[in-house]
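Enquirer: Just dropping this structure here.
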Amino acid sequence: MSVFRSGVLVLTSPLSALSMKLAPILASAAKIVQDTLYIHLQPGLLLTGSSQPTSTYVPATQEVCSLISKLYSDADLHSNLDVRVLLTNIKNQSHSQQTLSSVQNLSHPPEVVLTDFQTSDGGQYNPAKQQLERYATNCYSCNPHLVSVLLYPEYGIEDDINFKDTDIEENPLQSHSDVVVGGTFDRLHNAHKILLSVCCLLSERRLLIGVADKELLDNKVLKELIQPYEKRVEELSQFLVDVKPSLGFDIVPISDPYGPSITDPELNCIVVSEETQRGGLSVNKRRVENGLDELTIHEIQLITDPKHSENEEEKISSSSFRNRLLGTLLKEPDANPSIPSRPYVIGLTGGSGSGKSSIAKRLEKLGAALIDCDKLGHHSYKPGGLAYQQVIDEFGSDILCEDGTIDRRAIASKVFGNKDQLKRLTDIVWPAIVVLAKEAVEEAAAKGISVCVMDAAVLLEAGWNEMVHEVWTVIIPEKEAISRIMKRDGVSEEAAKNRLASQMSNSERVEASNVVLSTLWEAEITQKQIEKAWDLLQQRINPDFSNDKPFLQSKF
């Protein structure tokens, strides 16, 4: 069976049976569609007979909401799929059987239409497939060369026992004119899609969405890996227009927990999760203080993430997705013809207290040649070193100790707080380090070592990223970095903050990086993260590399 980038799955089973059938149906669909899978609920649709079937409205009920939640939850097992349940024919007020006439445009026109409808002979019955293709093209904008497939999932015996041809009891969903919801919506995932789908079914006229930005992101885990606001809004908008184009959407940035929810008089309902229910109560308190009516609070349940690891939340969350990005290639490295292809040089950088040096040593144990640029700088200061005489000529003989060595504390006192003096020093020392680093790479090449790690705190500031094939950055939250610096160096909190303030920020480093790592968690978690990064690196630079630790790839 061919694999298609996008498809639409038309589910015809009675809603009461679908809950048990979803897992095998999705497993079958995931073998055929590799990216975007739209899902169209049309229980009772017949693809046999002389008349062409048409789409009719499905009433929005609590049970339909639960089914959609389970669908997204089950789909989370198939990480390749971007599942989108289409809500155009799910009506939150009318239970009428009127037909839907207009063709809806989709952002990814389906190349294949799939269905759980089964013929009596258990084969690909051509008239049924033709009916399916016509039905799909009457509902949605599809690829001109649309292919149709009748799925025959492998249902278990226990599942068959539970299948019933009776529809579920209707428990209408109470809808509202204007609904509000808030969130970060980073790397739109299935828990977001459940939340947004419920919002769409509750909303009759408008859905107001507050997207966290600026100060609201400060305490997020791995905040440096959060997508830019514009990117999050773009993905959010595309999803919403796909699933419910008839609804009005207002997407606004919020930098406080309330946003327009406490000032907009047209709002009727706020949608929250179990963990943000108190936030909904707080919104109502502020609305009353502002002379506005309270909002109906609609709460949805959190969805458990079956793939979460020991340092991740049990629920499906954006922070877990960001965690899984650690050690992976965030962006392709630029070709660098000015340096040899081997050894492959990793430029490792990070702020003070980040744990950069500990990661460098772990990479060394995995087989990399370690080039410690801080030590190379010290070496260049020694008598006879590349920077020794130049530093004396520039800063005077009073920086010398009795034994003729340069007193680095004396140098530090001359350049501390003086950018011009500091630049005079780095203009001497940095080129010397470059020479020594290149010599170290050549030595590694002579020994047959395939990977070098250039450990350099000022890698980006000094422009040494031109000497490496990839830039890897180590990050930790500022609060943690301050704590580590205070404990390690015995300095005050203010001194630690000043040190960090004088360095390049985590966000700036991440922007220039190919791979990001973090030492925020326990040592064993850091080790797994580094092994993951190392294995993925080997796959990039050695096409024949075989990972003999598959648990690392599946774990993350």
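Enquirer: Can you tell me the FRET efficiency between E522 and Q52 if r is taken as the Cβ-Cβ distance and R0 is 56 Å, rounded to the nearest 0.05?
Expert: 0.35
Enquirer: A follow-up question, please. Is the C-alpha gyration tensor of the stretch 3-42 telling us rounded, prolate or oblate? Criteria: a/c under 1.5 is rounded; beyond that, a/b larger than b/c is prolate, otherwise oblate.
Expert: It is oblate, given that a/c is not under 1.5 and a/b is not larger than b/c.
Enquirer: Shape of the stretch 411-484 from its Cα gyration tensor (a ≥ b ≥ c, root eigenvalues): rounded if a/c is under 1.5, otherwise prolate when a/b > b/c, or oblate?
Expert: It comes out oblate by the Cα gyration axes.
Enquirer: Using a simple spin-label model with points 7 Å from Cα along the Cα→Cβ vector, what separation in nm is obtained for V241 and F416?
Expert: It works out to 5.7 nm between the two label points.
Enquirer: Sorting check: for 240-246, 284-290, 136-142, which peptide has the highest mean count of neighbouring beta carbons within 10 Å, and how do the rest follow?
Expert: Peptide ranking by packing, descending: 136-142, 240-246, 284-290.
Enquirer: Quote the relative contact order of the chain in percent (integer), defining contacts as alpha-carbon pairs under 8 Å separated by 6+ residues.
Expert: Normalised by residue count, the contact order of the chain is 13 percent.
Enquirer: Which of the aspartates and glutamates could be linked to K423 by a straight reach, that is with a Cα gap under 12 Å, when you skip same-chain ones fewer than 8 residues away?
Expert: E394, E461
Enquirer: Put +1 on the Cβ of each Lys and Arg and -1 on the Cβ of each Asp and Glu in the chain; which of L425, T36, S177 then has its Cα farthest toward the positive end of the dipole?
Expert: Value: L425.
Enquirer: If you don't mind, another one. Taking the Cα centre of the chain as origin, work out the dipole magnitude from +1 charges on Lys and Arg Cβ and -1 charges on Asp and Glu Cβ, in debye rounded to 20.
Expert: Dipole magnitude for the chain comes out near 540 debye.
Enquirer: When all protein chains stay in place, what accessible area (Å², nearest 10, 1.4 Å probe) is found for F395?
Expert: 20
Enquirer: Taking Rh as the Kirkwood radius computed over C-alpha pairs, what is the Stokes-Einstein D of the stretch 222-373 at 10 °C in a medium of viscosity 1.306 mPa s, expressed in µm² per second?
Expert: 77
Enquirer: How high is the FRET efficiency from A335 to L77, r the C-beta distance, R0 41 Å, rounded to 0.05?
Expert: It comes out at approximately 0.65.
Enquirer: Is the C-alpha gyration tensor of the chain telling us rounded, prolate or oblate? Criteria: a/c under 1.5 is rounded; beyond that, a/b larger than b/c is prolate, otherwise oblate.
Expert: Since a/c reaches 1.5 and a/b is larger than b/c, the shape of the chain is classed as prolate.
Enquirer: Hey, can you list the DSSP H helices of the chain whose Cα span along the axis is 30 Å or longer and whose average Kyte-Doolittle score is at least -1.0?
Expert: Sorted by number, the helices that extend far enough and score high enough are 419-446.
Enquirer: Here is a further query. Using a cut-off of 27 Å between alpha-carbon atoms, which lysines can reach K487, once sequence neighbours fewer than 8 places away in the same chain are excluded?
Expert: Filter leaves K220, K223, K356, K361, K365, K375, K414, K479, K497, K528.
Enquirer: Can you find, among L295, C269, L225, the residue farthest towards the positive end of the dipole of the stretch 220-297? Put +1 on the C-beta of Lys and Arg, -1 on that of Asp and Glu.
Expert: L225
Enquirer: Let me ask something else. For E442 paired with Y258, estimate the spin-label separation in nm (one decimal), with each label point 7 Å from Cα along the Cα-to-Cβ line.
Expert: For the pair E442/Y258, the computed spacing is 6.7 nm.
Enquirer: Say R0 is 56 Å: what FRET efficiency, to the nearest 0.05, do K365 and K285 get from their beta-carbon distance?
Expert: It comes to 0.50.
Enquirer: Run the 1.4 Å probe and let me know the accessible area of D256, rounded to the nearest 10 Å².
Expert: For D256, the solvent-accessible surface is approximately 60 Å².
Enquirer: Now for a separate question. Just by accessible area at a 1.4 angstrom probe, what is the order of F239, F4 from largest to smallest?
Expert: Listed by decreasing accessible area, they come as F4, F239.
Enquirer: For the chain, what does the helix formula give at 222 nm: sum of -39500 (n - 2.57) over DSSP H segments with n ≥ 4, over the residue count, nearest 500 deg cm²/dmol?
Expert: -12000 deg cm²/dmol
Enquirer: Ordering L281, L45 from largest to smallest accessible area (1.4 angstrom probe), what's the sequence?
Expert: Reading off the accessible areas and sorting them downward yields L281, L45.
Enquirer: Right, another one. For the stretch 346-471, which whole-number percentage of the solvent-accessible area (1.4 Å probe, protein heavy atoms only) is attributable to carbon and sulfur atoms?
Expert: 51
Enquirer: Kindly report, to the nearest 10 Å², the accessible surface of H145 as traced by a 1.4 Å probe over protein heavy atoms only.
Expert: Ignoring ligands and nucleic acids, H145 comes out at about 150 Å².
The values are calculated or read from the model by the stated rules, or taken from the named source; none is laboratory data. Everything numeric here is computed off the predicted structure, so don't read it as measured data. Heads up, the Cβs are rebuilt from the backbone with ideal geometry, glycines too, and the neighbour counts pull from every protein chain shown. Accessible surface areas use protein heavy atoms only, side chains included; no ligands, DNA or RNA. Shrake-Rupley method; radii C 1.70, N 1.55, O 1.52, S 1.80 Å.
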